1. From the residues in the range 59-94 that are assigned to a helix (DSSP H, G or I) and of a type in the set (Asp, Glu), which one is nearest to Lys23 (Cα to Cα)?
2. Any residue in the range 126-137 that's among the acidic types (Asp, Glu): show its pairings with residues that are in a loop (DSSP other than H, G, I, E, B) and surrounded by fewer than 15 Cβ atoms within 10 Å (Cβ to Cβ) at Cβ separation under 9 Å, as long as the two are six or more apart or on different chains.
3. I'm trying to understand the selection: among the residues of the range 112-141, which are over 25 Å from Ala157 (Cα atoms) and either at pLDDT 90 or above or assigned to a helix (DSSP H, G or I) (or both)?
4. Does Asp97 fit the bill of being under 30 Å from Asn143 (Cα atoms), in a helix (DSSP H, G or I) and without any contact (Cβ under 8 Å) to a residue 24 or more places away in the chain?
5. Name the residues in the range 1-38 that are in a loop (DSSP other than H, G, I, E, B) and within 12 Å of the chain's Cα centre (by Cα), would you?
6. Name every residue in the range 39-58 that is free of Cβ contacts under 8 Å to residues at least 60 places away in the same chain and not in a loop (DSSP other than H, G, I, E, B), in order of residue number.
Amino acid sequence: MMSEEEFCRMIEKDYIYYMYKAKRGYPFDCHTSANLISSYLTVHFNKKFIHRTFKFREFIHGWTKGENICIDFTGIQFNLGPDREKFINLSKSLNKDEVFEITQKHRIENPLTSSEDMDDLYYPGEFGNEPLYGLEYAKKVNNPYHIDSFMAYVKEAYEEVNRKVNDCYTVNYPVK
């Protein structure tokens, strides 16, 4: 069986492009992405994956956290510089290779996976764990280590997960 990291590397290009095309959210849809990935990995790899969230003042971010691995498909959003305009420009659509090329350029500063605990990176702030909304969709997958099966899961689960995450991903933070 492949590792979580090998799996994430296998799906990265197709997954990122889907997230980019879906409401032009990538790389700014960290909570939807984290919830989809956390749900899938929990069902098919290790039951201990969570959708981890961090809040400091108005800054909010989400990623996937496992026992010895953190996975963040959207961490590049914070250091895009002039490439930010390429993602948000609605008059020009990027192709899969362009999206991946920009992403990989920024992976040096923001790797896809890390054995370091991202809680340490974002400290101080408030941390939370969000409910996983894609679990039932992930359980339907018959061939979980194949990219086509994963992408079918994402396409089926995306709308519901995106809606639920965006309706309540800040619920775990105390109101001050």
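The values are calculated or read from the model by the stated rules, or taken from the named source; none is laboratory data. Here the structure is a predicted model, which is why all the values come from computation and not from measurement. Here the Cβ is made from the backbone with ideal geometry for all residues, glycine too, and neighbour counts use every protein chain on show.
1. Restricting attention to the range 59-94, the residues satisfying the condition of being assigned to a helix (DSSP H, G or I) are 75-79, 83-88.
Checking which are of a type in the set (Asp, Glu) leaves us with 83, 85.
On the way: Asp83: 18, Glu85: 15 Å.
Across the range 59-94, the extreme among qualifying residues is Glu85.
2. Glu126/Asn172; Glu126/Pro174; Glu130/Val171; Glu130/Asn172
3. Met118, Asp119, Asp120, Leu121, Tyr122 - these are the residues of the range 112-141 that are over 25 Å from Ala157 (Cα atoms) and either at pLDDT 90 or above or assigned to a helix (DSSP H, G or I) (or both).
4. Numbers: under 30 Å from Asn143 (Cα atoms): yes; in a helix (DSSP H, G or I): yes; without any contact (Cβ under 8 Å) to a residue 24 or more places away in the chain: yes.
Yes.
5. Matches in the range 1-38: Gly25, Tyr26, Pro27, Phe28, Asp29.
6. Leu41
One line per residue, one yes/no per condition, for (1) surrounded by 14 or more Cβ atoms within 10 Å (Cβ to Cβ); (2) in contact with a Lys or Arg (Cβ under 6 Å, 6 or more places away or on another chain); (3) among the aliphatic types (A, V, I, L, M):
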| site | (1), (2), (3) |
| --- | --- |
| Ser3 | no, no, no |
| Arg9 | no, no, no |
| Ala22 | yes, no, yes |
| Gly25 | yes, no, no |
| His44 | yes, no, no |
| Lys48 | no, no, no |
| Ile60 | yes, no, yes |
| Leu90 | no, no, yes |
| Lys105 | no, no, no |
